[in-house]
Amino acid sequence: MSTIRPTPGLEDLRLYDSRTRRVQPFVPLAPPRVGIYSCGPTVYAPQHLGNMRSQVIPDLLRRVITAAGYEVTYVTNITDVGHLVSDADDGDDKLERAAAATGRSAAEIAEHFTEQWATDRRRLGCQEPDIVPRAASHIPEQIAMVEILQAQGHTYVVDDGVYFDVSTFPRYAEFAGLDLDEMTTSGRIEHIEAKRHPADFALWKLTPPGVVRQQEWDSPWGRGFPGWHIECSTMATKYLGERFDIHTGGVDHQRVHHTNEVAQSECVLDVHPWVGTWMHNEFLDLGGAKISKSKGDVLVVDTIVERGLDPLAFRYFTFQAHYRQQQAFSWEAMEAANTALRRLVGHAAVARAAGGMSNPAAVDPYRRRFWSALADDLKAPQALAVVWEAVRDPGLSSADTWAFLTDADRALGLGLADAVAPNADERGSDPRIDGLVAQRQAARAAKDFATSDRLRDALSAEGIEILDTPTGTTWRRSGG
RNA sequence: GGUGGCGUGGCCGAGUGGCUUAGGCAAGGGCCUGCAAAGCCCUGUACGCGGGUUCGAUUCCCGCCGCCACCUCCA
């Protein structure tokens, strides 16, 4: 299509598709438009750093596809109803349980954690989604989809609710390479007696007689709430159409949640590859940290801030490993990422301040290598390596470096394009500190080093770093 | 127990059958500095263990050890 104007290096974008299990050229269904649906948070608890990794990676994807010349519609849902504490269709709805435990309403809890999630996304440099649909706001649509499935003969009703009968969808096991026979013979305990097959899943859960839930709705089958999986099928279809280009999520969703989404959607819509490319990111390895979730000391973006680190350092940290590889979290590694990012921003600020015209002949090779790395299944680690190579290349002028970094930051989103020299603008300026720095300069000029060092130590104690350069002295706040 | 993945120099983490010592952080040395800080330059020949294939393996195959994920809540 002549309307597509890819950034050099991005002409040949290739992505790993979990469904076909191989890297393949990215071919949009209806260029220049590209639809991306990312499984969003279940808003009953704080989103920890592992959850946020699954936000940062699709954000990179979205930026790369945008840079490839496409018009992206990015949708990510909020699960505020229907997600049970067990994928075996047993147990409570997570929101209901959280409400019961805290005394707050399910709506309040959903609102609170949705806000936290949105705020943390921004702090991690993620662009705003185009649409953020909420499951509880799409009940009629979900009921309608279940009705179609029922009319098609894919369902059965038991006391507990309406279930999808996986035996009616021959391709069911294909998506994630499941072994359905093994599931029936496994030793796991079957919670829902009436389920005909362990893989059958709830489309609509009925509220038991005598029970009143905070979140429940009338339906053709009785009062209750939607199953977890149906929301994504419904909302993705509503906002992106019957087929769309990319669906993302954590690897844990592949076998159950996404398998079920595919089953429902392909039956109702009568399409086969419902989604062009499925992308599943591997987990952040938090060690034992995530286990302490119930204690409330789970690792979240605030934890990074409390440590005096830049939230964007977590973004940088994430880009140091490939998204399909587990990444080990440690504070040592986080601090290393923080330092690296701080220096990179420093380079950007210095390059920007120097001004001048860039030389395309010098910049283009780096640009091409940078974008080519990302075009190859989002190889962010290599892209970062190219960035450092460019930054340290004496053959690039400051203007060249600035031109390159601002371009690269379209994908990285690390704040390089906003980098400013220390105390060079109103944001970092502070008359009191400027005064102290000036006093120190005066003392130095008078060879009164005792005084100048005392002032430097005092500033250092409050986190102000003095920078003496050949052209004068500036300062900056170190850490957060 | 089953399935899949991983094990790279102090740490995180790329990559490849024999040119690339990826890159970042830390460490050591140097330049700069009144001394520092910041910045810059230089430095370490690593690829879990034991076999095998091969002219040659960190990269291919087998076994072992260890770790992780999923199968059971999790992005």
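The values are calculated or read from the model by the stated rules, or taken from the named source; none is laboratory data. Here the structure is a predicted model, which is why all the values come from computation and not from measurement. In this analysis, Cβ positions are derived from the backbone assuming ideal geometry, glycine residues included, and neighbour counts consider all displayed protein chains. Each accessible area value is taken on the protein alone, full model and side chains, heavy atoms only, with ligands, DNA and RNA left out. Shrake-Rupley method; radii C 1.70, N 1.55, O 1.52, S 1.80 Å.
Restricting to segment A:450-464, and then to whatever is open to solvent by 60 Å² or more (accessible area, probe 1.4 Å) and over 14 Å from A:Ala438 (Cα atoms), can you tell me which residue is modelled with the highest pLDDT?
A:Ala450
Could you check segment A:288-391 for helices (runs of 4 or more DSSP H) lying wholly inside it with 3 or more residues that are open to solvent by less than 20 Å² (accessible area, probe 1.4 Å) and within 13 Å of RNA strand B (Cβ to nearest atom)? Break it down stepwise before answering.
Values: elements: A:301-306, A:311-319, A:331-354, A:360-375, A:380-391.
Once the helices (runs of 4 or more DSSP H) in segment A:288-391 are filtered for at least 3 residues that are open to solvent by less than 20 Å² (accessible area, probe 1.4 Å) and within 13 Å of RNA strand B (Cβ to nearest atom), what remains is A:311-319, A:331-354, A:360-375, A:380-391.
Could you check segment A:137-168 and list, in sequence order, the residues that are among the hydrophobic types (A, V, I, L, M, F, W, C), open to solvent by 40 Å² or more (accessible area, probe 1.4 Å) and touching a strand residue (DSSP E or B) at 6+ places or on another chain (Cβ under 8 Å)?
Restricting attention to segment A:137-168, the residues satisfying the condition of being among the hydrophobic types (A, V, I, L, M, F, W, C) are A:139, A:143-146, A:148-149, A:151, A:157-158, A:162, A:164, A:166.
In the following step, the residues that additionally are open to solvent by 40 Å² or more (accessible area, probe 1.4 Å) were identified as A:144, A:148, A:151, A:157.
A:Val157 - this is the single residue of segment A:137-168 that is among the hydrophobic types (A, V, I, L, M, F, W, C), open to solvent by 40 Å² or more (accessible area, probe 1.4 Å) and touching a strand residue (DSSP E or B) at 6+ places or on another chain (Cβ under 8 Å).
Yes or no: A:Ala107 within 16 Å of RNA strand B (Cβ to nearest atom), outside the structural domain of A:Leu378 (by TED's automatic domain parsing) and open to solvent by 10 Å² or more (accessible area, probe 1.4 Å)? Break it down into steps so the answer makes sense when it comes.
Numbers: within 16 Å of RNA strand B (Cβ to nearest atom): no; outside the structural domain of A:Leu378 (by TED's automatic domain parsing): yes; open to solvent by 10 Å² or more (accessible area, probe 1.4 Å): yes.
In short, no.
If you take the residues in segment A:262-285 that are away from RNA strand B (no atom under 11 Å from the Cβ) and acidic (Asp, Glu), which one is nearest to the chain's Cα centre (by Cα)?
Taking segment A:262-285 first, the residues away from RNA strand B (no atom under 11 Å from the Cβ) are A:262-278.
Next, only the ones that are acidic (Asp, Glu) stay: A:266, A:270.
Numbers: A:Glu266: 26, A:Asp270: 30 Å.
Only one residue tops the list, namely A:Glu266.
Name the single residue, out of those in segment A:21-41 being assigned to a strand (DSSP E or B) and open to solvent by 20 Å² or more (accessible area, probe 1.4 Å), that is nearest to A:Ala136 (Cα to Cα).
Looking only at segment A:21-41, we keep the residues that are assigned to a strand (DSSP E or B), and these are A:22-25, A:30, A:33-38.
Going one step further and asking which of them are open to solvent by 20 Å² or more (accessible area, probe 1.4 Å), we end up with A:22-25, A:30, A:33.
Numbers: A:Arg22: 36, A:Val23: 36, A:Gln24: 36, A:Pro25: 36, A:Ala30: 30, A:Arg33: 28 Å.
Only one residue fits best here, namely A:Arg33.
Would you mention how many residues in segment A:255-277 are open to solvent by 40 Å² or more (accessible area, probe 1.4 Å) and within 12 Å of A:Arg19 (Cβ to Cβ)? Can you show your working first?
Of segment A:255-277, the ones open to solvent by 40 Å² or more (accessible area, probe 1.4 Å) are A:255-256, A:270, A:272-273.
With within 12 Å of A:Arg19 (Cβ to Cβ) added as a condition, the list becomes A:272-273.
Matching residues across segment A:255-277 total 2.
Which condition number does A:Ala411 fail, the rest of (1) part of a helix (DSSP H, G or I); (2) open to solvent by 20 Å² or more (accessible area, probe 1.4 Å) being met?
Only one criterion is unmet by A:Ala411, namely (2).
Between a first residue in segment A:215-240 that is among the aliphatic types (A, V, I, L, M) and a second residue that is assigned to a loop (DSSP other than H, G, I, E, B), which pairs have beta carbons less than 6 Å apart while being 6 or more apart in sequence or on different chains?
Qualifying pairs under 6 Å: A:Met235/A:Asn77; A:Met235/A:Pro133; A:Met235/A:His138.
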